[in-house]
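K.L.:
Okay, handing you the structure first.
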Amino acid sequence: MSDLPTRIAITDEGPREGFQIEKECIPSVEKIRLIDALSDTGLKAIQVCSFVSPKLVPGWADADDVAAGFNPKAGVRYSALWFNRRGIDRALMQRQKLELTGTVHVVASEAFCVQNLGRGRVENLQKMREQTKAHLDANITVSKISVMAAFGCNFQGRVDTTDVLAAIRDGHVIASEADCTITEIALADTMGWANPALITRTVASVRSQWPDTAIRLHLHDTRGLGIANAHAGITQGVDRFDTTVGGLGGCPFAAHPGAPGNIATEELVLLAEEMGIATGVDLDALLAAGHLAEHVVGRQLPSALLRAGALPRVTYHV
C-alpha cells in the first residue's frame, strides 16, 4: 500500500460528460446555471463542454455559446474537450476563459477506438501526431496522456495491462517526437469494467514504468464499483480524479443506455474527508449543485448521497 495522499484534486466533468448523453436537448442557459453553481462549491477544476461534432454529440451543439456564457470564478480552472483541429480552433476562441492544455488520447482497446473515434489504433496515432503539432502551433502545452478503455471494453472484453502500457508508450513516442514532457497519465474506466484489485494492479504497473509521472483516474460507476475503485486508487497514492456532480453522464459510445455515469463528485468528497483527506470542497454547496443538476436534466441521478444527504452533525450526551 502506498502512502495516502493528504489532499486530492478533483475535476468535476459533470457539465461536459453529463450533457453529452442526455436524450433531451438541455438549454444553454441551464448548462451555464450548473457550471456557475459548481464554481461556488470550492471545486478548483471544472470541465465545461465538448467541442465536438454536433452530428455525433448533439448535446454539445451549443458548446461555443455555453463556453462564452458562463461566469468564471477566480481560482477555478475551466477546461473543455476536443479531438480534432476544428475542436482546437473553437476552443481557441474561448482562450480567455478556458485553460487550454493538450492531451495525447490513446486507447487500450482497438475495438473501442473504432467505436468511439471511428478509426483504428494506427490511424488514431497518426491523428494524435497531427493534433499534437496543431496544439504546439497554437501555443498549447501538451503534457498529458489519456488512456481510454484502460480496464475493459464492451466490444473487446477484458483489457490486459500490457495493452495499457503499450498504449501509454505510444503516447510517449508521440510526445517525444514533438519534444513534449508528459507530467500526467490518465486512466479511464470508460465502460465500467474496473474493480479494486484491477485498479491496484494497473496503477502499480503504470507507476513501475513511469514512477515520476502523476496518475489520474477517470472512473465510471456503470456496475456499482466506482467509489470502491476510487478508494483503491487512493490507497495506491492516486491524488487526481475526474468525477461528475450527481453521477451525471456516461459514454455515448459504450452501448450502456441508462447506466450510471461517472463516480459522483459528492460521494468522492465524502469518502476522502471521512478518510482524513482534504478536498477543499463545501459538501453542502455541492449537494445543492447536485439537486440543481437533477432539476436541469429532469430526472433522479444515481448518487446515493443526494438521497441521504451529508452526515448529520450530532452530539450525543450521556
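The values are calculated or read from the model by the stated rules, or taken from the named source; none is laboratory data. The model shown is predicted, which means the values in this text are computed figures rather than measured ones. In this analysis, Cβ positions are derived from the backbone assuming ideal geometry, glycine residues included, and neighbour counts consider all displayed protein chains. SASA here: full protein model, heavy atoms, side chains in, ligands and nucleic acids out. Shrake-Rupley method; radii C 1.70, N 1.55, O 1.52, S 1.80 Å.
K.L.:
Roughly what would the spin-label model give for residue 184 and residue 45, points 7 Å off Cα along C-beta, in nm?
P.N.:
Computed distance between label sites residue 184 and residue 45 equals 0.2 nm.
K.L.:
Suppose the chain between residue 122 and residue 284 were pulled fully straight at 0.36 nm per residue; how much longer would it get relative to their current alpha carbon spacing?
P.N.:
53.7 nm
K.L.:
Which ³J(HN,Hα) values, rounded to whole Hz and listed in residue order, are derived for the stretch 300-311 from phi using the Karplus coefficients 6.51, -1.76 and 1.60 in 6.51 cos²θ - 1.76 cosθ + 1.60 with θ = phi - 60°, glycine and proline given as x?
P.N.:
The phi angles translate into 6, 8, x, 4, 5, 5, 5, 7, 8, x, 5, 4 Hz.
K.L.:
Computed over the Cα atoms of the chain, what is the convex hull's projected area averaged over all directions, in nm²?
P.N.:
If I average the Cα hull's projected area over directions, I get 16.2 nm².
K.L.:
Taking a ≥ b ≥ c as the square roots of the eigenvalues of the Cα gyration tensor of the stretch 143-183, is the shape rounded (a/c under 1.5), prolate (a/b larger than b/c) or oblate?
P.N.:
Prolate is the answer for the stretch 143-183, as a/c is 1.5 or above and a/b outweighs b/c.
K.L.:
Between residue 68 and residue 23, what is the label-point separation in nm under the 7 Å Cα-to-beta-carbon projection?
P.N.:
The modelled label-to-label distance comes out at 3.2 nm.
K.L.:
Can you spot the lysines whose alpha carbon is less than 28 Å from residue 31's alpha carbon? Ignore those fewer than 8 places along the same chain.
P.N.:
Within the straight-line limit of under 28 Å, residue 31 reaches these lysines: 23, 44, 55, 73, 97, 144.
K.L.:
Helix by helix through the chain, keep the DSSP H runs that span 18 Å or more along the axis on Cα and average at least 1.6 on Kyte-Doolittle, and give those back in order.
P.N.:
Going by DSSP H runs, there are no hits.
K.L.:
Express the carbon and sulfur contribution to the solvent-accessible surface of the chain as a percent, rounded to the nearest whole number, probe 1.4 angstrom.
P.N.:
51
K.L.:
Still on this structure, please answer the following. If a/c stays under 1.5 just call it rounded; otherwise compare a/b with b/c (prolate if a/b is bigger, oblate if not). Do that for the stretch 1-153, with a ≥ b ≥ c from the square roots of the Cα gyration tensor eigenvalues.
P.N.:
Verdict is rounded for the stretch 1-153.
K.L.:
Here is a follow-up. Order 162, 202, 6, most accessible first, counting only protein heavy atoms with a 1.4 angstrom probe.
P.N.:
My answer, sorted largest first, is 6, 162, 202.
K.L.:
Trypsin sites (Lys or Arg not before Pro), restricted to the stretch 94-182: which are DSSP loop and have at most 16 other Cβ atoms within 10 Å?
P.N.:
95, 97, 119
K.L.:
Counting only heavy atoms of protein chains, what accessible area per residue, in Å², does the chain have with a probe of 1.4 Å?
P.N.:
Ligands and nucleic acids excluded, the result is 43 Å² per residue.
K.L.:
Same structure again: Hey, can you grab everything whose amide H is under 5 Å from the amide H of residue 237? Only 5+ residues off in sequence or another chain; H modelled, so Pro and N-termini drop out.
P.N.:
Hits under the 5 Å cutoff: 2.
K.L.:
Counting only residues 5 or more places away or on other chains, whose amide H sits under 5 Å from the amide H of residue 104 once H atoms are built in the peptide plane?
P.N.:
Long-range HN contacts for residue 104: 144, 145, 146.
K.L.:
Continuing with this model, one more query. Which parts of the stretch 169-198 would a label at residue 99 reach, counting a residue when its backbone N lies under 18 Å from a point 7 Å out along Cα-to-Cβ?
P.N.:
Counting only backbone N, you get 181-187.
K.L.:
What residues qualify as long-range amide H neighbours of residue 49, i.e. H under 5 Å apart, gap of 5 or more or another chain, H built at 1.01 Å from N?
P.N.:
It is 16, 81, by chain and number.
K.L.:
Computed over the Cα atoms of the stretch 77-185, what is the ratio Rg over Rh, Rh following Kirkwood?
P.N.:
For the stretch 77-185, the value is 0.98.
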